[in-house]
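Only one structure is covered here, and it is reproduced in the block below.
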Amino acid sequence: MRNFWILLKRELAAVFLTPVAYVTMAVFFSASAWTFLATVKVKVGTAEYLEPQLFSAILLWLPMLITVICMRLFAEEKRTGTIETLMTTAVGETSVVLAKYAGALLFCWICVVPVVAVPYILVEASPGLERVDQYALIGGGAMVVLISFCCTSIGVLTSLLTRNQIVAALCCFWAILAPFMVHPLMTVIPFFRQATIERFSMFQHVMLFVSGTLSLQPVVLYLSVTVLMLFSAIRVLESRRWL
Amino acid sequence: MDKADESPVISVKNLTRRFGRVTALDGLTFEVRRGEIVGLLGPNGAGKSTTLRILSCYLAANGGEAQVGGADVFEASMDVRRRIGYLPENVPLYTDMRVHEYLQFRGALKGLRGKRLRSRIENVLQQCDLTAESRALIGRLSKGFRQRVGLADCLLHEPDCLILDEPTIGLDPNQIRHLRELIRSLAPQHTVLISTHILSEVEMICSRVLILDRGRIIASDTPEALLGLMQGDERITAEIQGPADEVAKGVSEMPGVRNLTITTDGGWNRLGFRSSRGIGVREQLFDLVADRGWRLRELGVERRHLEDVFAALTERDVVASGPGAPTMEDHHA
């Protein structure tokens, strides 16, 4: 466990000591805030609440954010060869994978949290708007946290499979885009309106939680995928010592 | 010497590793004893780096056994990793970190903390002559300094055994000399297994040499003993002024002269030939020149280097190992 904290500290330092982290944060904030404000502007005067628009905006940009964060995790270490130095020290594969995962997750949340302030600023600036429903915000936020657990674990695994960051990014992006795409596809193609497919729609899950309906099914789904992906990542890292 | 000192620090038996259809290691067997500096030599693709990667627990093997400090590299990999300091080829480092910060990070991972960590960092910085660079960004350091940072990292936790993969690659002659002295100074406390292409270096610092070819040990002995393999044969050069055809005829008729080459430049004939040691070819050549009234301005024997042994062993399909291994004459035969 001690090694986990050492590696996590190193991971966060590696992220926040470079300008790339701040550029990523700024781009994600601008894109999400702009999408949110644009949607709210279109829906002014309708009965639509602010919270669903906020989480729609976050969900739209989240796959890209997670892809950017995760693409370098292991691919970069493999490319530079530092993985060899790291894995020939008395450090377990589990500590390495979990530290990288936790570092990526924390960075992801640090990027997302400021976006949540946008509706508050908007309400303060526009007295005509309804107040922000904090319970809806907590419900939606909890689901975004669960989704980030799941997608980041997919990103960790894809980054482990290659030494090329572009390949890692493409694999990660397409793997996590599928459940994000279920909702938009449902609205266009009737085939996707089946109950089985609907169960995998991340958008539906978030909206369910925003509306105050708590369901165990998406929680179990995201946690199971997270555990499966992290377990696979640990096994992949160990596999260099298999035959 | 007690029994613990006699037991090998590194023990490898019948180690085999295949990458698809390519056999990188083919039943490799060797031992390294405490305090030895052993050089691993071999042409590209001989299996040097694979051997070191298996010993440092980075790779698995298809078969065989490997132990470091009595711990099995496959069964007790964590124990082995605690006992070794491994410097991979090309010295991969985190270039965004400062030297001191990097050593602090690596020391913490190796279980050092508090005062001990601080004192070890101070020690290795001094030992590797890095004190002045301790606040420098690794990314801005020269290749030589990066090499020293890698070595400082290896030494941090005072491991029993150092495994260094091509530590002098890309260094300038001064840096090589410095690193050589540093490695030599480590010998009493540490056992060192070093892979390198620079044969003169092996001659200077290694107490024993293992020559690998196609995943097998083809020779294992001290540099002196390996040079002894070549002692039956020597290369003689001479410059003689006289009629070229007569010089060539006279020298080639001398007993024991082989592979004679002759080039003429401005009346001087430059001769080169091989001869069996101990039959007095140089004396005969001197007498010949005196008898014929020619002039002699150079007569010498080329000194044998490990490079010759290496070339002779790896260019021919020779299988020889350990004390009592066949000599070069046996190979010629």
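See the values below:
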item: Top-ranked residue in the stretch A:74-95 [being within 7 Å of chain B (Cβ to nearest Cβ) and of a type in the set (A, V, I, L, M); ranked as farthest from A:T152 (Cα to Cα)]; result: A:A90
item: Residue in the stretch B:90-100 that is part of a helix (DSSP H, G or I) and either open to solvent by less than 20 Å² (accessible area, probe 1.4 Å) or within 11 Å of chain A (Cβ to nearest Cβ) (or both) present; result: yes
item: Checklist (1) within 17 Å of A:M202 (Cα to Cα); (2) surrounded by fewer than 15 Cβ atoms within 10 Å (Cβ to Cβ) applied to A:G141, failing item; result: (2)
item: Any chance A:S211 is open to solvent by 50 Å² or more (accessible area, probe 1.4 Å), in contact (Cβ under 8 Å) with a residue 24 or more places away in the chain, out of contact with any Leu (no Cβ under 6 Å at 6 or more places or on another chain) and away from chain B (no Cβ under 14 Å); result: yes
item: All positions within the stretch B:47-82 that are within 11 Å of chain A (Cβ to nearest Cβ), over 20 Å from B:K110 (Cα atoms) and in contact with a Leu (Cβ under 7 Å, 6 or more places away or on another chain); result: B:A60, B:A61, B:N62
item: Qualifying residue in the stretch B:79-87 (condition: assigned by TED's automatic domain parsing to the domain that holds B:G144, in a loop (DSSP other than H, G, I, E, B) and at pLDDT below 95); result: no
item: Flag if A:T162 is among the polar types (S, T, N, Q), in a loop (DSSP other than H, G, I, E, B) and in contact (Cβ under 8 Å) with a residue 24 or more places away in the chain; result: yes
item: Test: B:E253 is loosely packed, with under 13 Cβ neighbours inside 10 Å, over 33 Å from the mean Cα position of the chain (by Cα) and closer than 28 Å to B:A225 by Cα; result: no
item: Candidate set from the stretch B:101-132 (those that are open to solvent by 20 Å² or more (accessible area, probe 1.4 Å) and outside any helix (DSSP H, G or I)); member that is farthest from the other protein chains (Cβ to nearest Cβ); result: B:D129
item: Extreme residue, modelled with the lowest pLDDT, among residues of the stretch B:281-311 that are open to solvent by 60 Å² or more (accessible area, probe 1.4 Å) and basic (K, R); result: B:R303
item: Complete set of residues in the stretch B:191-242 that are within 30 Å of B:L296 (Cα to Cα), at pLDDT 85 or above and of a type outside the set (A, V, I, L, M); result: B:T237, B:E239, B:Q241, B:G242
item: Among (1) modelled with pLDDT of 95 or more; (2) in a loop (DSSP other than H, G, I, E, B) - the single one B:A61 does not satisfy; result: (1)
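Residue-by-condition table, conditions (1) out of contact with any Pro (no Cβ under 6 Å at 6 or more places or on another chain); (2) among the hydrophobic types (A, V, I, L, M, F, W, C); (3) more than 16 Å from B:L41 (Cβ to Cβ); (4) not assigned by TED's automatic domain parsing to the domain that holds B:G69:
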{"position": "B:I183", "(1), (2), (3), (4)": "yes, yes, no, no"}
{"position": "B:P188", "(1), (2), (3), (4)": "yes, no, yes, no"}
{"position": "B:R214", "(1), (2), (3), (4)": "yes, no, no, no"}
{"position": "B:I218", "(1), (2), (3), (4)": "yes, yes, no, no"}
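The values are calculated or read from the model by the stated rules, or taken from the named source; none is laboratory data. In this text, all values refer to a predicted model and were calculated from it rather than measured experimentally. Methodologically, a virtual Cβ is constructed for each residue, glycine included, from the backbone with ideal geometry; neighbour enumeration extends over all protein chains shown. Ligands, DNA and RNA are excluded from the accessible area calculation, which covers all protein heavy atoms including side chains. Shrake-Rupley method; radii C 1.70, N 1.55, O 1.52, S 1.80 Å.
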